[in-house]
1. Highest mean first, how do 167-177, 363-373 rank when packing is the count of other Cβ atoms within 10 Å averaged over residues?
2. Provide the descending list of Cα extents for the range 75-228 along its principal axes, expressed in whole angstroms.
3. Got a sec? Which residues in the range 241-259 would a label at residue 224 touch, if it sits 7 Å along Cα→Cβ and we count backbone N under 12 Å?
4. Residue 14 to residue 92: extension gain in nm, 0.36 nm per residue of separation minus the Cα-Cα distance?
5. Name the residue farthest towards the positive end of the dipole of the range 339-426 from the options 374, 415, 394, assuming +1 on Cβ of Lys and Arg, -1 on Cβ of Asp and Glu, about the Cα centre.
6. In terms of solvent-accessible area of protein heavy atoms at a 1.4 angstrom probe, what is the ranking of 104, 376, highest value first?
7. Show that you can apply the helix-only estimate: for the chain, add -39,500 (n - 2.57) for every DSSP H stretch of four or more residues, divide by all residues, and state [θ] at 222 nm to the nearest 500.
8. With the cut-off at 19 Å, tell me which of the pairs 52/163; 360/417; 73/147; 147/417; 73/417; 358/417 have Cα atoms farther apart than that.
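The values are calculated or read from the model by the stated rules, or taken from the named source; none is laboratory data. Please read these numbers as outputs of a predicted model, since none were measured by experiment. All Cβ positions, glycine included, derive from the backbone under ideal geometry; neighbour counts span all protein chains shown. In case anyone asks, the SASA skips ligands and DNA or RNA and just uses the protein heavy atoms, side chains included. Shrake-Rupley method; radii C 1.70, N 1.55, O 1.52, S 1.80 Å.
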Amino acid sequence: MAREIDIKKGLDWTTVWIYIILLVIGLVNIYAAVYNVDNPRPIYSLDHNAGKQIMFMVLAFVIIMIILFIDYKVYDTFAYIFYGFWILVLILTIFIAPDIKGSHSWLRFGGFQFQPAELAKTITLLALAKYLSTQGVTVSKLDNLVKACLLIFIPPVIIILQKETGSALAFAAFIIILYREGLPGVYPALFLAFVALFILGLVFEDQIWIVILGLALVAVLFWYLFLKRYDRNRQNLQRVIGLFILFSAFVLAVDFAFNHVFAPHQQNRIRVLVNPDVDPLGAGWNITQSKLAIGTGGLTGKGYLQGTQTKFDFVPEQSTDFIFCTVGEEWGFVGVFVVIGLYFILITRIFNLAEKQKFKFARIYGYGVASILFFHLLINIGMTIGLIPIIGIPLPFMSYGGSSLLSFTILLFIFLKLDAHRSYKV
């Protein structure tokens, strides 16, 4: 009983309440997304996604209790074992998972499905926190950085082999952790440069020479305008030329990959992002209807269960990846502001709690939790308003799905357990 009292005192209840509020907001909007005017059913009915989500929420609370009453040292001590086991699960999934829309990433257990890729982010984060918290390990050392990157990159490579690109891209959030732990700023800058070049390579798909010419112009201007006269030495000239060659090669690789490696449906999604009117009734349908749903919500929305885009199923997958559309249409700008505000408070609070940790493992893990949540929020909302290609990333705690809800719950409450240990003595 003493242990239970300590947990209650040490737990960050502000974070817990934000988590619960997001669950409730998600549930009522999932119900709105699946609501059938001609055949209305109660929210708890298992005949639709809202009822199933309630079942997942109950299971999530059971998992929370298990996490809170497990010794916090388990997550640090067995991090590598968890990681190795889950790598095997991911590999096995490729061979035993059924083909669902071309992806082999879902394991079936009776009438239920689970996507191991969702939990892989938490498992990888535990292993990375374990490694980076080891005495003498620092990402400023090249060999340590390479080992940390291997821990990060192995799971998404396997996930890509499952044909689940969206879940693999979520691992890009780990660069925030590396930067916090001492990664030189040049690496995140290069990462952002490659992202920008990737987008430019797609925008100028048929005129790639314009991008390369622009890179050459930037290199010349950098040499003559930004480098001081006494910095214009042979070594810096070689660096400028080397970066120009590297960036140009990357742009050409993007052009080649887009036309020869990407699947037709992936090419269509990217073309629609660049030009939504290229296929308005096909690949562009989701983005067009999603923006229409959010845009027509106005200031206060059309009212609960009154959204026409939602009610008549104009937006596919609206209870999962496009749940944000329902918020925008039925609750308007006010609802969108509240939801984004809750996420902002949650993520910034986790960052703040991470900085207060006495143990490096807990601090690194906390930064990882906030980074993953931030990345999912950014990509999901960007996807629904047409700024990012549709890659199938759920909105944490709000999108329908057991794999997503349970994985994000485990991710968050392991950190809350670690943070609770900071606040009380056992």
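1. 363-373, 167-177
2. On the principal axes, the range 75-228 reaches 64, 46, 18 Å in Cα extent.
3. none
4. Stretched fully, the residue 14-residue 92 segment lengthens by 24.2 nm.
5. Of 374, 415, 394, it is 415.
6. 104, 376
7. Helices in the chain give a 222 nm mean residue ellipticity of -22500 deg cm²/dmol.
8. From 52/163; 360/417; 73/147; 147/417; 73/417; 358/417, over 19 Å: 52/163; 73/147; 147/417.
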